[in-house]
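S.K.: Here's a structure for you.
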Amino acid sequence: MGEEAFRVKRRLKNVPPVRLIVVSFAVVILAGAFLLTLPAVSRSGLPTSFVDALFTATSATCVTGLIAFDTWTHWNLLGQVIILLLIQIGGLGVITLTTGFSLLLHRKLGLRDLQLATENTSGDTINITHLVKMILIFTFLCESAGSLLMMLRFVPQFGSKGIWIAVFTSVSAYCNAGFDIFGFVMKDGSLIPYVSDPLICLTVEALIIIGGIGFIVVADIYYSHILKRIHKKKPEHLNFHSTIALSMSAFLIVLGAVLFFLCENNNTLKGMDFGTKLNASLFQSVSPRTAGFCTVDIAKEHDFTKILTVILMFIGASPAGTGGGIKTTTFVVLLATVVSVMKGNEEATILKRRLDKLTVYRSLAIVFSAALLVLITTGIILSADQDISGIDALFEATSGFGTVGLTAGVTQTLSWVSKLAVTFTMYVGRVGPVSLGLALTLQKGHHANGSILPEGKVIVG
């Protein structure tokens, strides 16, 4: 038995870190799906079909928010707790959680553990232990602060039930999940009843932004600004990655809010006062990146607004955070590459910095594979559910890939074929299309043999 365990351990040691991370998400999803099929977790006391349980578990673990059933009315407290645990695990990542708790318990990490943690957080092996500790502590501080703020509104409104609602909403918002338990307040749940409530809207927006901006950026802000000011030292400049991620996130939030206001002023925003319109516009710009809460009825939006939201969902949040999408930095690299090619430059540059060619290639691979996946999923939905319009099918597919969770009201009407297609899309969106490809194709010890291949000339454009 001991020899067999040693063999398994040795075999796992040879598995590339990216493959273990991709597999870890699949294992958590399958375990969650099994638990959600049990009669003990549903309000009716009846078992849930495996397809619906798998869809829900994937949506929770991949922090998406698309639901086969209303979370409050279908699942009892135990079911909601399981979903929240899946959200927390999926938001931070299995590797980050296990590594972080080992560090907090003062256990030493081996080189293999450090490699896994580095791959999962996109961090640096040198400071990975500090980064993982900071991620856990920072996460629980943010979620606790968000819970306490929302309790100020929910406890007076719902009594003791408001405590659980505040905690659930805070974790879901920080992890960019989009799950809610407001089904007892209104039929379709979500935050529509709180569109004019700055306390709830601004708290949720802040949690979404902080969770989606990326742990690398948070760490950079802490070490280069906050810690320096605490020690009364001069703050340092943010690193290149943080500058790009913060600048693009701010630009997309402002642009999205302005365009949403202009497009929906006389539609879903009609009848609201100016302050509420601004609040709703800002919320509907932040949420597609990539949280899934809404304060207006998505199904009633103009088609152009839906297309705008699709673009925001496709871009998503920043790397090493709780959000999905192709990521803000990938989008910036793609834009820089296009501009450089149009200018006739041989290399892509941003802010007087030259971009590594491998970064450009990876960005192009991510965008191409993501777009292809979204289009294929859209096609499957249109084929299996012919009563769904093309824009709504595209919206649903992009929401799944971007792990957003916004829907034009079609999720619960999807056939089992479409649900499985969206389930796979959510999974790929969370682990990343390139990471999944590497996990399926990487072989230990496979290296180039050093030979120089002849150049192949292809005419493009």
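S.K.: Name the residues in segment 239-267 that are open to solvent by 50 Å² or more (accessible area, probe 1.4 Å) and assigned to a loop (DSSP other than H, G, I, E, B), would you?
M.R.: Passing the criteria: Asn239, Asn266.
S.K.: Just to verify a result, which residue in segment 278-287, among those that are among the polar types (S, T, N, Q) and in a helix (DSSP H, G or I), is farthest from Val195 (Cα to Cα)? First the steps, then the outcome.
M.R.: Here is the first cut: in segment 278-287, the residues among the polar types (S, T, N, Q) are 279, 281, 284-285, 287.
Those left that are additionally in a helix (DSSP H, G or I): 279, 281, 284-285.
Details: Asn279: 7, Ser281: 10, Gln284: 10, Ser285: 14 Å.
Out of the qualifying residues, it is Ser285.
S.K.: Against the definition (among the small types (Gly, Ala, Ser), at pLDDT below 95 and either more than 30 Å from Ala299 (Cβ to Cβ) or open to solvent by 50 Å² or more (accessible area, probe 1.4 Å) (or both)), how does Ala365 come out, yes or no? Spell out how you get there, then give the answer.
M.R.: Details: among the small types (Gly, Ala, Ser): yes; at pLDDT below 95: yes; either more than 30 Å from Ala299 (Cβ to Cβ) or open to solvent by 50 Å² or more (accessible area, probe 1.4 Å) (or both): yes.
In short, yes.
S.K.: Taking segment 32-68 on its own, how many of its residues are within 20 Å of the chain's Cα centre (by Cα) and open to solvent by 20 Å² or more (accessible area, probe 1.4 Å)?
M.R.: The qualifying residues number 2.
S.K.: Could you count how many residues in segment 328-386 are among the hydrophobic types (A, V, I, L, M, F, W, C) and on the phi > 0 side of the Ramachandran plot? If you could, list the steps in order and put the result at the bottom.
M.R.: Applying the first criterion (among the hydrophobic types (A, V, I, L, M, F, W, C)) to segment 328-386 yields 331-336, 338-339, 341-342, 348, 350-351, 355, 358, 360, 364-368, 370-376, 380-382, 384.
When the remaining residues are screened for being on the phi > 0 side of the Ramachandran plot, the result is 351.
Of the residues in segment 328-386, 1 are among the hydrophobic types (A, V, I, L, M, F, W, C) and on the phi > 0 side of the Ramachandran plot.
S.K.: Restricting to segment 288-308, count the residues that are of a type in the set (D, E, K, R), over 17 Å from Gly402 (Cα atoms) and in a loop (DSSP other than H, G, I, E, B). Steps first, answer last, please.
M.R.: Let us first name the residues in segment 288-308 that are of a type in the set (D, E, K, R), namely 289, 297, 300-301, 303, 306.
Imposing the further condition that a residue be over 17 Å from Gly402 (Cα atoms) reduces the set to 297, 300-301, 303.
From what is left, the residues that are in a loop (DSSP other than H, G, I, E, B) are 297, 301.
Qualifying residue count for the region: 2.
S.K.: Something else about it: Of all residues in segment 379-429, which are within 15 Å of the chain's Cα centre (by Cα), assigned to a loop (DSSP other than H, G, I, E, B) and not hydrophobic (A, V, I, L, M, F, W, C)?
M.R.: Gly402, Thr403, Gly405
S.K.: Considering only segment 162-173, I want to know if a residue exists there that is farther than 15 Å from Val81 by Cα, modelled with pLDDT under 95 and either surrounded by 19 or more Cβ atoms within 10 Å (Cβ to Cβ) or touching a strand residue (DSSP E or B) at 6+ places or on another chain (Cβ under 6 Å) (or both).
M.R.: The answer is yes; a qualifying residue exists.
S.K.: Based on this model, can you work out whether Leu312 counts as crowded, with 23+ Cβ neighbours inside 10 Å, under 21 Å from the mean Cα position of the chain (by Cα) and at pLDDT 90 or above? Quick ask: steps written out before the conclusion?
M.R.: Details: crowded, with 23+ Cβ neighbours inside 10 Å: yes; under 21 Å from the mean Cα position of the chain (by Cα): yes; at pLDDT 90 or above: yes.
Judged against the criteria, Leu312 is a match.
S.K.: One residue is enough: does segment 309-317 have a residue meeting the conditions out of contact with any helix residue (DSSP H, G or I) (no Cβ under 6 Å at 6 or more places or on another chain), within 27 Å of Tyr194 (Cβ to Cβ) and in a helix (DSSP H, G or I)? I'd like the intermediate steps shown before the answer.
M.R.: Quick first cut of segment 309-317, residues out of contact with any helix residue (DSSP H, G or I) (no Cβ under 6 Å at 6 or more places or on another chain) only: 309, 311, 316.
Narrowing the set further to residues that are within 27 Å of Tyr194 (Cβ to Cβ) leaves 309, 311, 316.
With in a helix (DSSP H, G or I) added as a condition, the list becomes 309, 311.
For segment 309-317, residues out of contact with any helix residue (DSSP H, G or I) (no Cβ under 6 Å at 6 or more places or on another chain), within 27 Å of Tyr194 (Cβ to Cβ) and in a helix (DSSP H, G or I): present.
S.K.: Step by step: first the residues of segment 262-298, then only those that are of a type in the set (Ser, Thr, Tyr) and in contact with a helix residue (DSSP H, G or I) (Cβ under 7 Å, 6 or more places away or on another chain), then the one that is farthest from Lys327 (Cα to Cα). Which residue is that? I'd like the intermediate steps shown before the answer.
M.R.: Restricting attention to segment 262-298, the residues satisfying the condition of being of a type in the set (Ser, Thr, Tyr) are 268, 276, 281, 285, 287, 290, 295.
Subsequent filtering for residues that are in contact with a helix residue (DSSP H, G or I) (Cβ under 7 Å, 6 or more places away or on another chain) retains 268, 281, 285, 287, 290, 295.
Working: Thr268: 28, Ser281: 22, Ser285: 15, Ser287: 15, Thr290: 10, Thr295: 24 Å.
Of everything passing the filter in segment 262-298, Thr268 is farthest from Lys327 (Cα to Cα).
S.K.: Just need a number here: residues in segment 268-277 that are open to solvent by 60 Å² or more (accessible area, probe 1.4 Å) and assigned to a helix (DSSP H, G or I).
M.R.: Going through segment 268-277, the residues open to solvent by 60 Å² or more (accessible area, probe 1.4 Å) turn out to be 270-271, 273-274.
Subset that is assigned to a helix (DSSP H, G or I): 274.
Total satisfying the criteria: 1.
S.K.: Can I ask one more? Does Gly100 satisfy the condition of being farther than 24 Å from Thr290 by Cα, modelled with pLDDT under 90 and of a type in the set (Gly, Ala, Ser)?
M.R.: On the way: farther than 24 Å from Thr290 by Cα: yes; modelled with pLDDT under 90: yes; of a type in the set (Gly, Ala, Ser): yes.
Yes; evaluated as a whole, the condition is true for this residue.
S.K.: Restricting to segment 206-235, name every residue that is loosely packed, with under 14 Cβ neighbours inside 10 Å and in a helix (DSSP H, G or I). Can you show your working first?
M.R.: In the first step, residues of segment 206-235 are kept if they are loosely packed, with under 14 Cβ neighbours inside 10 Å; the result is 226-227, 229-235.
Within segment 206-235, Ile226, Leu227, Arg229, Ile230 meet the criteria.
S.K.: Next question. Going by the structure shown, is Thr203 touching a helix residue (DSSP H, G or I) at 6+ places or on another chain (Cβ under 6 Å), part of a helix (DSSP H, G or I) and open to solvent by less than 20 Å² (accessible area, probe 1.4 Å)?
M.R.: Values: touching a helix residue (DSSP H, G or I) at 6+ places or on another chain (Cβ under 6 Å): yes; part of a helix (DSSP H, G or I): yes; open to solvent by less than 20 Å² (accessible area, probe 1.4 Å): yes.
Judged against the criteria, Thr203 is a match.
S.K.: Something else about it: Check segment 60-72 and report whether any residue there is of a type in the set (Ser, Thr, Tyr) and at pLDDT 95 or above. Outline the logic, then answer.
M.R.: Initially, segment 60-72 is screened for residues of a type in the set (Ser, Thr, Tyr), giving 61, 64, 71.
Adding the requirement that they be at pLDDT 95 or above leaves none.
No: segment 60-72 contains no residue that is of a type in the set (Ser, Thr, Tyr) and at pLDDT 95 or above.
S.K.: Restricting to segment 176-200, give me the number of residues that are touching a residue at least 60 places away in the same chain (Cβ under 8 Å), under 22 Å from Ser144 (Cα atoms) and in a helix (DSSP H, G or I).
M.R.: Total meeting the criteria: 2.
The values are calculated or read from the model by the stated rules, or taken from the named source; none is laboratory data. Bear in mind the structure is a predicted one, so any value in this text is a computation, not a measurement. Please note: Cβ atoms are built from the backbone with ideal geometry, for glycine as well, and neighbour counts cover all protein chains shown. Note: areas computed on protein heavy atoms with side chains; ligands, DNA, RNA excluded. Shrake-Rupley method; radii C 1.70, N 1.55, O 1.52, S 1.80 Å.
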